[in-house]
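Everything on this sheet refers to the single structure shown next.
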Amino acid sequence: MTAPRVFFYVQHLLGIGHLARASRIAAALAEDNFDVTVVTGGSQVPGFPGPGVRSVALPAVLAGNASFSGLADQFGNPVDEAFLHRRRDLLLQAFHAACPDIVILEAFPFGRRQMRFELLPLLDAISAASPRPMLVTSLRDILQERTKAGRDKETVCLIKAHFDHVLVHGDPSFITLPDTFPLAGEIATKIIYTGLVAGAAPAPPADAYDIVVSAGGGAVGLDLVRSALETAKRSAFSGSWCLITGPNLPESDFTALSRHAPDNVTLVRFRNDFPSLLKGAKLSISQAGYNTVCDILQAQCRSILIPFTAGGETEQSVRATRLEALGLAIALPENGLDADILCEAVAAALSRVKPHGHKLDLNGAQRTAAVLRGLL
C-alpha cells in the first residue's frame, strides 16, 4: 500500500507558534508513515518544519505590525498584487504536484483571513480535484475573540461548504471550542478533539538553570525580557537565570540587553533544548502561547505567565487565567509589568510545590495521526 499523502499549509505571521505546532503534527504524521508535504509562508526558522517531511517555502509574508494589520515581505516592505498573485500560483502548483489524499489548513478559516487571496483559490482547486482530497482545518484550542460582526458566520459558511473535519488540538476537559467560538454548535458534527500537541517528555538538561525566561519568537516580548533581567539583578533569589529572547528580537535590542546582564544571567536567542531546560528548572517565566505552555506542562515546571495582549489579543489571557485557576501557573498582566511585580511573583512561585500529576492530555500530535488514518 502507498503511504497516504498529506498537504499541510501553515502560515506564521508574527511569532513561530503556529509553525512549531504544525511541525510537531507533521513529524507525528511522518512517523506514522504518511507522506507529508509542509507548505510554509512565513520567515524561515532554523529547524522547522523538521526532518522526515517535504518542505515547500512560499515567498515570505509577515504581519505588518503587532496588530496584524497588512502584510509585508521579509524586509518589512508592503506587498503588492503581483507578489500575492505569484504566491497564489506557487501554492496551487505545489498542491497539484503533491496530489494529496488529505489537505490540512492550519487555522483557516478561523484565522489567517489575510491569506484569503491564496486560500480561497486553493479551496476551489480542492473542490475541483478528482478524486477530491479530504480537507481538514488544524486549530488550536483557544481562538482570538472577534469583534467584527459577521466574521464567525462567514467561518461557519466556509466550513460547511468545504471542510470535512475541524481538528481542535486541545483537551475538552480544559476548554472547548464553544468557549471561544460562539457558533461552534453549527459545525458540532465536524469537530474532533485531539488533545494538546506537546512534544515528547524531555530528556534531562545538558545545562542547568534555576529560572528559564522565554519570549517566544522574539518579535514581541521585549518588555518581558527587560523586566526579567532587572528582576534577576534585584531578586533575593540568587540562582542562575537563562533568558531566551527568541530569534526575531532585533540585534540592537539583544546587544543592549547583553551589556546589562549580571553574572548569574545567560542571555541567548534560541535553545533547541528548551523543553529539557524547563525539566531541570525551578521556574519558567514566559508568555502564554500554546507551545510554550505545552512544554511547561510536559516538564511539570512551576510557571509565571505574562500573556501577550497587544492589538486586542485575547487568546493567551484566556489560557493563562484558566491555568491559574487550576493551580498550574501564576498569571500577570502584560501592561504595567515591572521588576517589582515580577520579583513578588517569583518569590510566590518558588514557594509552591511543582505541579506534578495534572490530567491534561498532551498527546495531540500522535492522536492527530491516528484520527486521520482512521478517517481515511
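The values are calculated or read from the model by the stated rules, or taken from the named source; none is laboratory data. On a predicted model such as this, the values are computed, not experimentally measured, just so you know. For neighbour counting, all protein chains shown are included, and Cβ atoms are generated from backbone atoms with ideal geometry for every residue, glycine included. Protein only, heavy atoms only, side chains kept; ligands, DNA and RNA dropped before computing areas. Shrake-Rupley method; radii C 1.70, N 1.55, O 1.52, S 1.80 Å.
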Taking the alpha-carbon centroid of each part, what is the distance from segment 88-162 to segment 1-54 in angstrom?
16
Here the Kirkwood hydrodynamic radius of segment 246-336, Cα-based and in Å, equals 14.4
Neighbours of Ser138 by Cβ distance under 14 Å: Lys/Arg at +1, Asp/Glu at -1, summed charge +3
Excluding ligands and nucleic acids, what accessible area in Å² is computed for Leu139 using a 1.4 Å probe, to the nearest 10?
0
Of Glu106, Glu118, Glu344, which is the most mobile in a GNM of the chain whose springs link Cα atoms less than 10 angstrom apart?
Glu344
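Give me D for segment 111-235 in µm² s⁻¹, whole number, from Stokes-Einstein with Rh from the Kirkwood sum over alpha-carbon pairs, 20 °C and 1.002 mPa s. If you can, show how the numbers build up before the last one.
Details: Rh = 18.2 Å.
In µm²/s, the coefficient is 118.
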Compute the signed sum of charges (Lys and Arg +1, Asp and Glu -1) over the other residues within less than 12 Å, Cβ to Cβ, of Lys354.
+4
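Averaging sequence separations of C-alpha pairs under 8 Å and six or more residues apart, then dividing by the length of the chain, give the relative contact order as a whole percent. Don't skip to the end; give the middle numbers.
On the way: 724 pairs, mean separation 58.8, N = 376.
Result for the chain is 16 percent.
With the contact rule set at Cα under 8 Å and sequence spacing of 6 or more, what percent relative contact order holds for segment 95-197? Walk me through the numbers before you get to the answer.
Values: 133 pairs, mean separation 29.0, N = 103.
Once divided by the residue count of segment 95-197, the mean separation gives 28 percent.
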Would you list the P(r) distribution for segment 49-148, with all Cα-Cα distances sorted into 5 Å bins from 0 and each bin expressed as a whole %?
2, 10, 18, 22, 21, 16, 8, 2, 0
Report the number of Lys pairs in the chain whose alpha-carbons are under 17 Å apart, with separation of 8 or more residues or on distinct chains.
4
Which entry in [x] 25.5, 85; [y] 22.1, 71; [z] 20.6, 66 matches Rg and Dmax of the Cα atoms in Å derived from the coordinates of this structure?
[z]
Loop by DSSP (not H, G, I, E, B), at most 15 other beta-carbon atoms within 10 Å: where is the longest site-free stretch of the chain for trypsin sites (Lys or Arg not before Pro)?
1-147
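Which order do Cys99, Cys343 take when ranked by solvent-accessible area (1.4 Å probe, heavy atoms of all protein chains), largest first?
Cys99, Cys343
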Convex hull over the Cα atoms of segment 161-262, averaged projected area in nm²?
10.7
In whole Å, what is the distance between the alpha-carbon centres of segment 239-315 and segment 169-228?
14
With a point put 7 Å past each Cα toward its Cβ, work out how far Leu92 is from Thr147 in nm, to one decimal.
3.6
Dimensionless Rg ratio for segment 313-353, taking C-alpha atoms and the 2.2 N^0.38 Å reference:
1.22
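Less than 13 Å Cβ to Cβ from Tyr290, Lys/Arg counted +1 and Asp/Glu -1: what total charge do the surrounding residues give? Can you show the working numbers first?
On the way: positive: Arg21, Arg24, Arg140, Arg319, Arg322; negative: Glu106, Asp141, Asp171, Asp295, Glu313, Glu315.
Neighbourhood net charge equals -1.
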Restricting to DSSP H runs of at least four residues, report the calculated mean residue ellipticity at 222 nm for the chain, -39500 (n - 2.57) per run over all residues, nearest 500 deg cm²/dmol.
-11000 deg cm²/dmol
